[in-house]
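J.: I have a structure I would like to understand better, so I am pasting it below and will then ask my questions one at a time.
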Amino acid sequence: MSLTITTIPCLSDNYAFVLNDGTRTALVDVPEAAPILKVLDEKGWSLDEVWLTHHHADHVDGLPALRERFPDLQITGAEADRDRLPRLDRAVGDGETFRFGDAEVHVLDVSGHTVGHVAFHVPSAQAAFTADSLMAFGCGRVFEGTMPQMWESLCKLRALPDDTIIYSGHEYTEKNADFALTIEPGNHALQTRVKEVRDKRQRGVATVPSTLRDERATNPFLRADLESVKDAVSMTGDDDADVFAEIRSRRDGF
Ligand code: ZN
Ligand code: FE
């Protein structure tokens with residue numbers, strides 16, 4: 001049976017995602033319990049597992065309240081960040097896979113925003129849950145890791161198939177779009193997508209998920225190795241990771 005993926009807005013600008021294969025239900029990240037419980041109740045689903053991307057409060061804080069309703073919840077998260085995550089039932093690392101019903105889930109270490117941040121790729125659903133690593137037009141701020149490490153993480157995600165759907169953790173898209181235009185004002189794919197995003201936000205519609213195809217064409221953080229982008233930030237011929245670092249630093253102050 002194919003996977004149904006439901007996007008759940010939480011807090012002011014977070015997203016959680018519920019996956020259901022007709023038998024089992026999994027949740028990616030737990031910003032807060034109430035909106036998640038509401039969706040589960042509406043769908044008539046119980047909750048079997050939670051997959052955590054990283055330790056930040058806005059991705060884990062709803063877990064205790066969910067456990068009260070579902071005491072047998074199985075928690076999956078990064079072995080590398082075990083000490084800071086809630087108690088894990090399944091600890092995973094880069095390159096490992098686990099099963100969710102018929103689906104295989106691939107774990108990618110995408111450290112940078114935090115050290116130990118993981119993404120979950122479900123090839124059969126063409127879905128990647130990237131949280132605060134790769135975002136729509138953007139990427140997470142580099143808090144714990146290094147710039148080269150974040151660049152490497154984004155390159156890993158960029159290497160997934162073009163039609164992969166990117167389920168990222170926040171509705172930061174419009175601000176990211178404004179910023180992307182400062183780097184590549186002449187990028188036509190970017191201009192077109194920015195219009196679509198503004199229109200969606202005006203109607204209060206979520207801009208997450210997005211597609212990797214669109215991110216490749218418009219997300220400046222995935223394009224730091226292009227000569228045209230290097231030229232645009234006056235770093236012609238410089239190292240890809242250095243150009244990424246420059247773009248990320250500019251976004252920090254934007
Ligand atoms: Zn975070
Ligand atoms: Fe976050």
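J.: Which residues, counting only those in region 126-142, are within 9 Å of ligand 1 (Cβ to nearest atom) and open to solvent by 10 Å² or more (accessible area, probe 1.4 Å)?
T.: Answer for region 126-142, where residues must be within 9 Å of ligand 1 (Cβ to nearest atom) and open to solvent by 10 Å² or more (accessible area, probe 1.4 Å): just ARG141.
J.: Still on this structure: Can you tell me which residues in region 80-107 are more than 12 Å from HIS55 (Cα to Cα) and either of a type in the set (D, E, K, R) or within 16 Å of ligand 1 (Cβ to nearest atom) (or both)?
T.: Correct list: ASP89, ARG90, ASP94, GLU96, ARG99, ASP102, GLU104.
J.: Exactly one condition in (1) of a type in the set (Lys, Arg); (2) in contact (Cβ under 8 Å) with a residue 24 or more places away in the chain; (3) assigned to a strand (DSSP E or B) is false for LYS156; which is it?
T.: (3)
J.: Also, I was wondering about something else. How many residues does region 115-137 contain that are in a strand (DSSP E or B), away from ligand 2 (no atom under 12 Å from the Cβ) and among the small types (Gly, Ala, Ser)? Steps first, please.
T.: First, the residues of region 115-137 that are in a strand (DSSP E or B): 118-122, 127-131, 134-135.
Among the residues that remain, those that are also away from ligand 2 (no atom under 12 Å from the Cβ) are: 118-122, 127-129, 134.
Next, only the ones that are among the small types (Gly, Ala, Ser) stay: 119, 127-128.
Qualifying residue count, region 115-137: 3.
J.: Right, something else. Answer yes if at least one residue in region 174-193 is out of contact with any Asp or Glu (no Cβ under 9 Å at 6 or more places or on another chain) and within 16 Å of ligand 2 (Cβ to nearest atom), and no otherwise.
T.: yes
J.: I would also like to ask the following. Listed residues ASN14, ASN20; which is closer than 18 Å to PHE129 by Cβ and within 15 Å of ligand 1 (Cβ to nearest atom)? So that I can check it myself, show each step before the final result.
T.: On the way: ASN20 fails: within 15 Å of ligand 1 (Cβ to nearest atom).
Just a single option satisfies the conditions, and that option is ASN14.
J.: Right, here's the next one. Being in a loop (DSSP other than H, G, I, E, B), in contact (Cβ under 8 Å) with a residue 40 or more places away in the chain and away from ligand 1 (no atom under 16 Å from the Cβ) is the requirement here; does SER46 meet it? Working first, answer last.
T.: Values: in a loop (DSSP other than H, G, I, E, B): yes; in contact (Cβ under 8 Å) with a residue 40 or more places away in the chain: no; away from ligand 1 (no atom under 16 Å from the Cβ): yes.
Here the answer is no, as SER46 does not meet what is asked.
J.: What's the total number of residues in region 87-105 that are buried (at least 16 other Cβ atoms within 10 Å of the Cβ) and either in contact with a helix residue (DSSP H, G or I) (Cβ under 7 Å, 6 or more places away or on another chain) or assigned to a helix (DSSP H, G or I) (or both)?
T.: Residues that pass the stated criteria total 2.
Yes or no, residue by residue, for (1) open to solvent by 10 Å² or more (accessible area, probe 1.4 Å); (2) touching a Ser or Thr at 6+ places or on another chain (Cβ under 9 Å); (3) under 26 Å from THR207 (Cα atoms):
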position: TYR15; (1), (2), (3): yes, yes, yes
position: ASP21; (1), (2), (3): yes, yes, yes
position: ASP29; (1), (2), (3): no, yes, yes
position: LEU52; (1), (2), (3): no, yes, yes
position: ASP58; (1), (2), (3): yes, no, yes
position: ILE75; (1), (2), (3): no, no, no
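J.: Sticking with this structure for a sec: Does any residue in region 176-195 that is without any contact (Cβ under 8 Å) to a residue 12 or more places away in the chain come within less than 9 Å, Cβ to Cβ, of a residue that is of a type in the set (A, V, I, L, M, F, W, C) six or more places away or on a different chain, and which pairs are these?
T.: PRO185/ALA232; GLY186/ALA232; GLN191/LEU181
J.: Is it fair to say ARG158 is basic (Lys, Arg), away from ligand 2 (no atom under 14 Å from the Cβ) and surrounded by fewer than 23 Cβ atoms within 10 Å (Cβ to Cβ)? Explain how you work it out, then say what you get.
T.: Working: basic (Lys, Arg): yes; away from ligand 2 (no atom under 14 Å from the Cβ): yes; surrounded by fewer than 23 Cβ atoms within 10 Å (Cβ to Cβ): yes.
So ARG158 fits the description; yes.
J.: Let me ask something additional. With the structure loaded, tell me whether ARG84 is basic (Lys, Arg), open to solvent by 40 Å² or more (accessible area, probe 1.4 Å), outside any helix (DSSP H, G or I) and within 16 Å of ligand 2 (Cβ to nearest atom) or whether it fails that test.
T.: Answer is yes for this residue.
The values are calculated or read from the model by the stated rules, or taken from the named source; none is laboratory data. A quick note: this is a predicted structure, and the numbers were derived from the prediction, not measured. Heads up, the Cβs are rebuilt from the backbone with ideal geometry, glycines too, and the neighbour counts pull from every protein chain shown. Protein only, heavy atoms only, side chains kept; ligands, DNA and RNA dropped before computing areas. Shrake-Rupley method; radii C 1.70, N 1.55, O 1.52, S 1.80 Å.
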